[in-house]
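Heads up: the structure comes next, in structure tokens.
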Amino acid sequence: MAKILIIEDDPLIVKIYTTRLSADGFEVVSAENGEEGLKLIEQDGINLIVLDLMMPRIDGFGLLEKIRATEKTKDLPVLVYSNLAQEEEVTRVKNLGATEFIVKANISPTEMVNKIKGYLTNKSQEPEVQSIQ
Amino acid sequence: MTDVSINDKNVDDLQKELDNIKQVQEEFIYKISHELRTPITAIKGSLSTILEGYTGDLPQATKDILKTAYNENDRLIRLVNNLLALSRIEGGRFTYAIKKTDIDEVITKVMENMRMAVKEKDLFMKYESSGKLPLVVADEDKISEVLINLIGNAIKYTQKGGVTITALISGETVVISVADTGIGIRKEDEQYLFKKFSQVQAGYSQQPGTGLGLFVCKQIIDGLNGKIWVESSVGIGSTFFFSLPVAH
């Protein structure tokens, strides 16, 4: 089964997602800060990364840059999920190569699992046509 | 304050001060919203994981109470989202990510989200569409916000019956409607509905609210070159409509 890396500094959220993803047979590895996450992206066999933005030491933006610059992870789906969700952040993470930006408060763990399954079976995404102010 | 003589310099200074206050206010709302969303997220995730049975079986009475907590928490999420949207609108920094959108899919997803709230009040919720709909030019997340607000209101102001969502083609637009069998809105109150902070005393309802939801909905639909309107009868129900341009 697919292996999911969660990089998130809130232990409760990690616990909830680990419970929910494991129930669907996913293998879950987690890092509670960017630095730890940086070590884990070198691990073999990761299929998808769930990435928080606000974290101590290296934040999600910095980590996303590293993920996209790392051979093993450069093409992986990276779902950035955060409550720091103003248009500026959304644009910034998309420019850094995030696969999708998800507002944490708006999604339930089951919806997240369905999203993850979607990306693992069909990686293509319709690109945005345009952005207007 | 004494000796207030308004000259050009004063006006400029005052404007600058006002702009500063606005910016501080916007930053404050932004920070507060983030702080509010963190525990709300943890509550939503915990409750839904428990309610869906991933931590073991629960007695029905416990489930019912947890469902109420879940729905109330979702209401809080809507409030925070509307507050954030308002602060962006006020700051003139409300932006859209426009793409060709499958409205059918957006409606289905939002309905799935609201199902628990409908069940709690023992209402029905159904969706009727006129077959295959064309894609529309829209911002999926923002349209979801509109639907969440409209369906949320429909549930809030309906005690018996339910909510019917429809989508049909009308010329070069797709018109989506959210109809309830609730208390309705008086004709003379309709004009205030989409204004900021307006809360009309509809029928017998004294239900509190911020009066933000419909204002935000109107801003979103206006920004997407659509229209939003309402048809309502007191005691029978309200139907909110919005249109979105068909994509080519």
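Considering only the range A:83-119, how many residues are of a type in the set (Ser, Thr, Tyr) and more than 9 Å from every other protein chain (Cβ to nearest Cβ)?
Count: 2.
Could you name every one of the strands (runs of 3 or more DSSP E) located completely within the range B:76-180 that has at least 2 residues being small (Gly, Ala, Ser) and open to solvent by less than 20 Å² (accessible area, probe 1.4 Å)?
B:162-170
Looking at (1) under 24 Å from B:Leu147 (Cβ atoms); (2) in contact (Cβ under 8 Å) with a residue 60 or more places away in the chain; (3) away from every other protein chain (no Cβ under 14 Å), can you tell me which one B:Asn82 breaks?
Unmet condition: (3).
Starting from residues that are more than 8 Å from chain A (Cβ to nearest Cβ) and more than 16 Å from B:Glu140 (Cα to Cα), keep the ones in the range B:85-101 and report whichever is nearest to the chain's Cα centre (by Cα).
B:Leu86
Kindly indicate whether any position in the range B:13-30 is facing another protein chain (nearest Cβ under 9 Å) and modelled with pLDDT under 90.
yes
Scan the range B:64-75 residue by residue and report those that are open to solvent by less than 40 Å² (accessible area, probe 1.4 Å) and under 16 Å from the mean Cα position of the chain (by Cα).
B:Asn71, B:Asn73, B:Asp74
Every residue in the range A:7-20 that is open to solvent by less than 50 Å² (accessible area, probe 1.4 Å), hydrophobic (A, V, I, L, M, F, W, C) and at the interface with another protein chain (Cβ under 10 Å from one of its Cβ atoms), please.
Hits for the range A:7-20 are A:Ile13, A:Ile16.
Kindly indicate which of B:Ile89, B:Ile98 is at pLDDT below 95 and touching a helix residue (DSSP H, G or I) at 6+ places or on another chain (Cβ under 6 Å).
Only one candidate qualifies: B:Ile89.
Quick check on the range B:43-63: of everything there that is more than 25 Å from the chain's Cα centre (by Cα) and touching a residue at least 12 places away in the same chain (Cβ under 8 Å), which residue is farthest from the other protein chains (Cβ to nearest Cβ)?
Filtering first and then ranking leaves B:Lys63.
The values are calculated or read from the model by the stated rules, or taken from the named source; none is laboratory data. These numbers come from a predicted model, not from an experiment. Counting neighbours? That spans all protein chains shown, and the Cβs are built from the backbone with ideal geometry, glycine included. When the accessible area is computed, the model is the full protein with side chains, heavy atoms only, and any ligands, DNA or RNA have been set aside. Shrake-Rupley method; radii C 1.70, N 1.55, O 1.52, S 1.80 Å.
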